[in-house]
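The values are calculated or read from the model by the stated rules, or taken from the named source; none is laboratory data. These numbers come from a predicted model, not from an experiment. Cβ atoms come from the backbone with ideal geometry, glycine included; neighbour counts cover every protein chain shown. Just so you know, the surface numbers come from the protein's heavy atoms only, side chains and all, with ligands and any DNA or RNA stripped out. Shrake-Rupley method; radii C 1.70, N 1.55, O 1.52, S 1.80 Å.
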Amino acid sequence: MRPSELERGREELIAARRESRPLYWFVGVFSFFTNLLMLTGPIYMLQVYDRVLGSRSEATLLALTILVAFLYGTMGILDYTRGRVMARVGARFQDRLDRRVFEAALKMSSPQSPQNVAATAQRDLEGVQRLMISPALMSVFDIPWTPVFLAGIALFHPWLGILALSGGTVLILITVLNQILTKRPIMRSSIASFRSDSISDQLRSESEMVQSLGMRGAAFERWQKARAEALQETINSSDLAGTFSTTTKTLRMFLQSAMLGLGAYLVLQNELTPGAMIAGSILMGRALSPIEQAIGQWAVVQRGTKGWSNLVELLSTVPEGAPRTQLPTPKAKLDVQALTVIPPGQQQATLKNVVFNVQAGQAVGVIGPSGSGKTTLARAITGVWRPAGGKIRLDGAALDQYEPDTLGTHVGYLPQRVQLFDGTIAENIARLNANPDSEKIVAAAQKAAAHEMILKFPDGYDTRVSSTGGLLSGGQLQRIGLARALYGEPVILVLDEPNSNLDNEGGEALNQAIRSMKAEGKSVIIMAHRPSAIKECDTLLMLENGTAMAFGPKDDVLRGMVKNHEAIQKASMGGVS
């Protein structure tokens, strides 16, 4: 992707972050006073050693202690408050982008799309949000004070300043090395973990097939291999990050002791007071603490920055759509004009210059061998895949003139593989609508001839189902999926292999639903392999290798394109073949 294209996604993320700019200034002001109050400890030690012990004044010690307690309390409140503010900044950022990232990931998600962008989109957003609330980002507000503290040490004695500056330089070099050397191991660990989780999710979703085909042992070995690789990469990255973290911590503690030792030597030479010696050691620890904190949180930093770059790529690839004017309910008229479709993540078109039209009250069958482009056409008509060339017009308006959710109410879709969501049957038919219309749910089920079937379930429409379908048969899933496609009175119904799992009763119910749609002046498009699926079709479109080979009345297409048209006609008149 070109830099100019990536800039679009980067600007979108920056705009979302910019909404909290006043809160960043608020945290910056609080950080100023918090770090200023960090001088309380060194100054207290300086006064105790140089004044209180010399004067032996208990009243002075009591007054200083009370003042220090107040200042530390104030510092604690300020530090706690800025932490709460940053937590809300991160939450606002995530809330602002949740829907945008979710919709962009949905558009990018397909079997061919790059999984590292779409499948991890929400994790990437969470990674950025965790970085925003982590101590690593808070240290950004504290690191500018490191030179101030080092300068304060130098004021006590130049040699102390040189030691502090040398130690700080070494820690910065360690930070740079940490960034360079841990980037690849952490990335490999993340990729390996994602691959392992993907295999696990896939095997769980296909658990019935795994068990029925005796694949449990092989499946476990495959997952275990990916899991072992992920664990090894995690250990490698953890070991490397731990090396830097331990080195930083050890060096900081050594530098504090070295500061005490050098300070003691200078006291013996009468070039420094005991109070300055203690204060210098405390300042040294405070000056280097943000650097150590940043290194200790480096895994969070790496994950957040990687998430940011992934989101930039995702949002640049799927730009935010402009608000669309609400169009009236369209008529059941579809025009496909020189349609060319390239599936996401691929370079080759699976549909090329396809032209046909669907009139109101018409049922069109799309036939052709496997891989001819039938499912691609279904996805293009429903707006799932955007055309690379040509147009699809619904009642004269291009599909991209409709909001995606609005288009979904006009074009019902039954995919080849019906997938339910965790919830009740009613919620699935209502397409997870938060406020479903019970009458429309029942009406859709009745049109799909699924009403009586659903009533026989333990809790009827309120029977809970899982994303894997649970104990529902393929035919039951397909009839519930058909009811979902019919929900909300769509004007066009797209059916992709609708009778692949249906028995005679289900097939007849499907044909009745098609006849009902045609009688209401609506249209049906059927992607079919089995002859019984085109029984109610008036017109056929023949696809081969993504190209329209014929389009016209059913009998004419069968007679001209299919050698055994007489057998197919006989089967289509007789029902299920």
Next item on the list: Kindly provide the set of residues from region 337-364 that are surrounded by 15 or more Cβ atoms within 10 Å (Cβ to Cβ), within 33 Å of the chain's Cα centre (by Cα) and not hydroxyl-bearing (Ser, Thr, Tyr), ordered by number.
Entry: Leu339, Val341, Ile342, Pro343, Pro344, Ala349, Leu351, Lys352
Next item on the list: Could you tell me whether Gly460 is over 33 Å from the mean Cα position of the chain (by Cα) and either surrounded by 14 or more Cβ atoms within 10 Å (Cβ to Cβ) or over 26 Å from Ile534 (Cβ atoms) (or both)?
Entry: yes
Check: What's the number of the condition Ala69 fails, among (1) farther than 27 Å from Glu11 by Cβ; (2) surrounded by 14 or more Cβ atoms within 10 Å (Cβ to Cβ)?
Finding: (2)
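Tell me the residue from Ala105, Ala136 that is at pLDDT below 85, closer than 24 Å to Val29 by Cβ and buried (at least 20 other Cβ atoms within 10 Å of the Cβ), please. Please lay out each step first, then the result.
Values: Ala105 fails: closer than 24 Å to Val29 by Cβ.
After applying the criteria, what remains is Ala136.
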Notebook entry, point to check: What tally of residues in region 477-524 results from selecting those that are open to solvent by less than 50 Å² (accessible area, probe 1.4 Å) and under 33 Å from the mean Cα position of the chain (by Cα)?
Noted result: 21
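If you check Lys447 against the conditions, is it open to solvent by 30 Å² or more (accessible area, probe 1.4 Å) and out of contact with any Leu (no Cβ under 6 Å at 6 or more places or on another chain)? Don't jump to the end; show me each part of the working.
Numbers: open to solvent by 30 Å² or more (accessible area, probe 1.4 Å): yes; out of contact with any Leu (no Cβ under 6 Å at 6 or more places or on another chain): no.
Here the answer is no, as Lys447 does not meet what is asked.
Consider region 36-60. How many of its residues are surrounded by 14 or more Cβ atoms within 10 Å (Cβ to Cβ) and in a helix (DSSP H, G or I)?
Step one: of region 36-60, the residues surrounded by 14 or more Cβ atoms within 10 Å (Cβ to Cβ) are 36-52, 60.
Still in the list and also in a helix (DSSP H, G or I): 36-37, 40-52, 60.
Residues flagged as surrounded by 14 or more Cβ atoms within 10 Å (Cβ to Cβ) and in a helix (DSSP H, G or I) within region 36-60 amount to 16.
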Next item on the list: Return the total of residues in region 506-557 being of a type in the set (Asp, Glu) and assigned to a helix (DSSP H, G or I).
Entry: 3
Next item on the list: Give the number of residues within region 365-394 that are open to solvent by 40 Å² or more (accessible area, probe 1.4 Å), under 34 Å from the mean Cα position of the chain (by Cα) and farther than 25 Å from Thr406 by Cβ.
Entry: 2
Note to self: Out of the residues in region 54-64 meeting the condition of being without any contact (Cβ under 8 Å) to a residue 12 or more places away in the chain and not polar (S, T, N, Q), tell me which one is nearest to Thr273 (Cα to Cα).
What the structure shows: Gly54
Checklist line | Selection from region 77-101 of residues that are farther than 25 Å from Ala16 by Cα and either open to solvent by less than 40 Å² (accessible area, probe 1.4 Å) or touching a strand residue (DSSP E or B) at 6+ places or on another chain (Cβ under 8 Å) (or both) | finding: Leu78
Item checked: Selected residue (only one of Thr250, Thr243 is without any contact (Cβ under 8 Å) to a residue 60 or more places away in the chain and under 30 Å from His157 (Cβ atoms)) -> Thr250
Margin query: Here's a check for you: in region 286-327, which residue that is among the small types (Gly, Ala, Ser) and open to solvent by less than 10 Å² (accessible area, probe 1.4 Å) is nearest to Gly161 (Cα to Cα)?
Written below: Ala287
Notebook entry, point to check: Restricting the first residue to region 259-287 and requiring it to be closer than 24 Å to Pro147 by Cβ, which pairs with a second residue that is among the acidic types (Asp, Glu) and buried (at least 18 other Cβ atoms within 10 Å of the Cβ) meet a Cβ separation below 7 Å and a spacing of at least six or different chains?
Noted result: none
Check: Leu163 versus (1) under 22 Å from Met38 (Cα atoms); (2) surrounded by fewer than 21 Cβ atoms within 10 Å (Cβ to Cβ); (3) aliphatic (A, V, I, L, M): which is the lone unmet condition?
Finding: (2)
Check: Which numbered condition trips up Leu414, out of (1) in contact with a Gly (Cβ under 8 Å, 6 or more places away or on another chain); (2) on the phi > 0 side of the Ramachandran plot?
Finding: (2)
Next item on the list: Identify all residues within region 411-436 that are more than 25 Å from the chain's Cα centre (by Cα), open to solvent by 60 Å² or more (accessible area, probe 1.4 Å) and free of Cβ contacts under 8 Å to residues at least 24 places away in the same chain; write none if there are none.
Entry: Asn435
Next item on the list: Check off (1) in contact with a Leu (Cβ under 7 Å, 6 or more places away or on another chain); (2) open to solvent by less than 50 Å² (accessible area, probe 1.4 Å); (3) over 18 Å from Leu251 (Cα atoms) for Leu181 and give me the number that stays unchecked.
Entry: (2)
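Answer yes or no as to whether Lys333 is among the basic types (Lys, Arg) and either within 16 Å of Leu407 (Cβ to Cβ) or without any contact (Cβ under 8 Å) to a residue 24 or more places away in the chain (or both).
Details: among the basic types (Lys, Arg): yes; either within 16 Å of Leu407 (Cβ to Cβ) or without any contact (Cβ under 8 Å) to a residue 24 or more places away in the chain (or both): yes.
Against the criterion (among the basic types (Lys, Arg) and either within 16 Å of Leu407 (Cβ to Cβ) or without any contact (Cβ under 8 Å) to a residue 24 or more places away in the chain (or both)), Lys333 qualifies.
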Next item on the list: Could you please let me know if Phe33 is of a type outside the set (D, E, K, R), out of contact with any Asp or Glu (no Cβ under 9 Å at 6 or more places or on another chain), more than 30 Å from Ala279 (Cβ to Cβ) and surrounded by fewer than 18 Cβ atoms within 10 Å (Cβ to Cβ)?
Entry: no
